[in-house]
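The values are calculated or read from the model by the stated rules, or taken from the named source; none is laboratory data. Here the structure is a predicted model, which means the values were calculated and not measured. With ideal geometry, Cβ positions are generated from the backbone for all residues, glycine too; neighbour counts draw on all protein chains shown. Ligands, DNA and RNA are stripped out before the accessible areas are found, and what is left, the full protein with its side chains, is counted by its heavy atoms. Shrake-Rupley method; radii C 1.70, N 1.55, O 1.52, S 1.80 Å.
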Amino acid sequence: MHLIDFIIFIVFTLGVVVFGCSFFRKGSSADEFTSAGHSIPGWVVGMSIFATYVSSISYIGYPGKAFASNWNAFVFSLSIPIASYFAAKYFVPFYRHSGSVSAYTFLEEKFGAWARLYASACYLLTQIARMGSILYLLAVPMYILMGWNIHIVIIATSVAIIIYSMLGGLKAVIWADAIQGIILIGGAVVCLLILLFSMPEGPSQMIDLAVHSPEGNKFSLGAFTSDLTTSTFWVCLIYGVFINLQNYGIDQNYVQRYHAAKTDKDARFSALFGGYLFIPVSALFFLIGTALYSYYTARPELLPVEIAQKPDYVFPYFIVNGLPVGLRGLLIASIFAAGMSTVSTSVTSAATIILTDYYKPFVKGKTDRHHVAVLRISSVAVGVLGIIVAIAMLSVESIIDAWWKLSSIFSGGMLGLFLLGCVARKINRMGALIGCVCGVLVIAWISLAGLWNLPGIHLHEYLAIVLGTCTIFVVGFLLTYILKIED
């Protein structure tokens, strides 16, 4: 790595940490830590929502997926407008007037404390898995660039993120996200242009090689069949609709941002802006992956076999060997921007849930200062768990597949419980609990059937959240209105 690239990367990374720490205020309240004092402009919150979407999973995982196969995973992005619309129209007003920064207070009011604890536990597991995936992807470029030990990079990066998240709270996270979002878009655009104009026969050669590849059209969105055992177009679309409705409707990352916006109008705008911006930017990442395929097909001698066998390494490898001095540092900084924004969000939101759902209900009479201390200690604890998961991810072949499967499983059908509470005016708590148990069993069956080679139909793991959600909703609804089970 050239000295100039190293300086750009270090200045950016330290700059983000210092910028985040600048929001530290001695004696700040828990409300300022968890909802930024309800003072953030709508466009900044929207950029933060976008940056949360565009993690290192997108920045490295999407190009790796497109390089190895096709644009099937892009179908996930096409489902976002549905979730964004419902968020702006229903979810934002609901949470803005709920009186609680926790996304799961509503579930306790409807079904009892068990529902809140169940949903928040699923959320914490999901965020820890996400942090681990992203921290791993942050370490890959530095391993390829300078041969640094991946374990050390993961730990050092985590410490930097935890410091400014712990000190600055949500306000630091949101403003840093907005800046990082702009940088990561610029870096990706520059990289794509260089790839296109590096083709031996010009940009058109990229399209020609991708369309006529031996594996089939690299721009394919997947098979349009009714097969539910593979990642078809319909499986990805249904998965995307459910996971994005859950993100916007019951994910603490998003709910806290709704609260952070200055006004209801700003909050609604942020939900639409952040979601819609992700669609063209995710297409940009898939286009980079396809361009990488064409580039190395035209120049196979430039890509070592061991790198080609690890799709998530291809884009970082190109950054190291295919970009001029200065731009390498910018792209590595962009990847760190994507990852740091998402990890810092997970740290802050998970700490908020630990305080509001697990500490306050059981430890009464503590001061606001004490609660801020709990938030900061929780931030450190969550960060350590993320490090452990990141190290475990070193043996994973495709990080995007691993993350999507884990998120589908750990989500646990929370959306089903939330929709049941929203749709049904009168809810039987016992019926909802039975529905939740049935949903978890369905998720466990889908997740373990293929792994343990159990008898029966083996559905794709992406469908765990879909069928888990539907089971909870349908069983809870039927038990309440048809069987009329009493509490």
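Using only the alpha-carbon atoms, how far is helix 311-322 inclined from the longest principal axis of the chain? Give it as 0 to 90 degrees, nearest 10. With both axes taken from Cα atoms, the answer is about 40 degrees. Output the 0 to 90 degree angle, nearest 10, between the alpha-carbon long axis of helix 368-392 and the longest principal axis computed from the alpha carbons of the chain. Helix 368-392 sits roughly 50 degrees off the main axis of the chain.
Across the range 274-372, the convex hull enclosing all Cα atoms gives 163 Å³ per residue.
A simple spin-label model places pseudo-atoms 7 Å from Cα toward Cβ; at SER39 and SER226 they are separated by 5.8 nm. The alpha-carbon atoms of the range 60-110, seen along their principal axes, cover 46, 20, 18 angstrom, with the largest extent given first. Of the chymotrypsin sites (Phe, Trp or Tyr not before Pro) found in the range 180-242, those that fall in a DSSP loop while having at most 13 other beta-carbon atoms within 10 Å are PHE197, PHE224. Surface listing: ILE354, ILE465 arranged by accessible area from highest to lowest gives ILE354, ILE465, probe 1.4 Å.
Hydrodynamic radius of the range 236-288 by the Kirkwood approach over all distinct alpha-carbon pairs: 12.3 Å. For the range 3-87, the normalised intensity computed at q = 0.14, 0.22 Å⁻¹ comes to -0.83, -1.15 (log10 of I(q)/I(0), Debye sum over alpha carbons, equal scatterers, no solvent).
Loop sites by DSSP among the GluC sites (Glu not before Pro) of the chain, restricted to those with at most 12 other Cβ atoms within 10 angstrom, leave 1-200 as the longest stretch without any of them. Under a model in which nothing but the beta-carbon of Lys, Arg (+1) and Asp, Glu (-1) is charged, the chain shows a dipole of about 1400 debye around its Cα centre. With R₀ fixed at 25 Å, the C-beta to C-beta distance from ASN217 to HIS458 puts the FRET efficiency at about 0.35.
Based on DSSP H segments of at least four residues, each scored -39500 (n - 2.57), the chain has a per-residue ellipticity at 222 nm of -23500 deg cm²/dmol. Measuring nothing but alpha carbons in the range 212-358 and taking Rh as the Kirkwood radius, the Rg to Rh ratio lands at 1.04. Length available on full extension from ASN149 to LEU14: 0.36 nm per residue minus the Cα-Cα distance, which gives 46.6 nm. Sort the range 308-352 into rounded, prolate or oblate with this rule: let a ≥ b ≥ c be the square roots of the eigenvalues of the Cα gyration tensor; rounded if a/c is under 1.5, and if a/c is not under 1.5, prolate when a/b is larger than b/c, oblate otherwise. Oblate, since a/c reaches 1.5 and b/c is not below a/b.
Per the Debye calculation on the range 144-198 with a single equal scatterer at every Cα and no solvent contribution, log₁₀ I(q)/I(0) for q = 0.24 Å⁻¹ amounts to -0.93.
The figure for ILE152 is an accessible area of roughly 110 square angstrom, using a 1.4 Å probe on the protein chains alone. The listed residues ARG369, ARG130, once ranked by accessible area (1.4 Å probe) with the largest placed first, stand as ARG369, ARG130. Across the alpha-carbon atoms of the range 84-135, the computed radius of gyration and Dmax are 13.4, 36 angstrom.
Note on TRP175: accessible area is roughly 80 Å² with a 1.4 Å probe, heavy atoms of protein only. Entry note, the chain: relative contact order of 31 percent, from Cα contacts under 8 Å with a spacing of 6+ residues. Ligands, DNA and RNA left out, the 1.4 Å accessible surface of the chain is 69% carbon and sulfur atoms.
Relative to the longest principal axis of the Cα atoms of the chain, helix 414-423 runs at roughly 50 degrees. In percent, rounded to a whole number, the relative contact order of the range 72-191 is 9, using alpha-carbon pairs under 8 Å and six or more apart.
The listed residues HIS97, HIS38, once ranked by accessible area (1.4 Å probe) with the largest placed first, stand as HIS97, HIS38. What does the C-alpha gyration tensor say about the overall shape of the range 181-269? Classify as rounded when a/c is under 1.5, otherwise prolate if a/b is larger than b/c, or oblate. The shape class here is oblate.
FRET efficiency for SER204 and THR367, Cβ-Cβ distance as r, R0 = 51 Å, nearest 0.05? According to the calculation, E is roughly 0.15.
With N as its number of residues, the range 88-168 has a Cα radius of gyration that, divided by 2.2 N^0.38 Å, comes to 1.57. Considering only alpha-carbon pairs that sit under 8 angstrom and 6 or more positions apart, the relative contact order computed for the range 241-348 is 15 percent. The modelled label-to-label distance between ARG25 and PHE197, using points 7 Å beyond Cα along the C-beta direction, is 4.6 nm. Once the convex hull of all Cα atoms in the range 6-145 is built, its volume per residue stands at 175 Å³. Which value, in nm² and rounded to one decimal, describes the direction-averaged projected area of the C-alpha convex hull of the range 94-248? Average projection, Cα convex hull of the range 94-248: 14.9 nm². Size descriptors for the chain (Cα atoms only): Rg and Dmax, in that order, 22.3, 72 Å.
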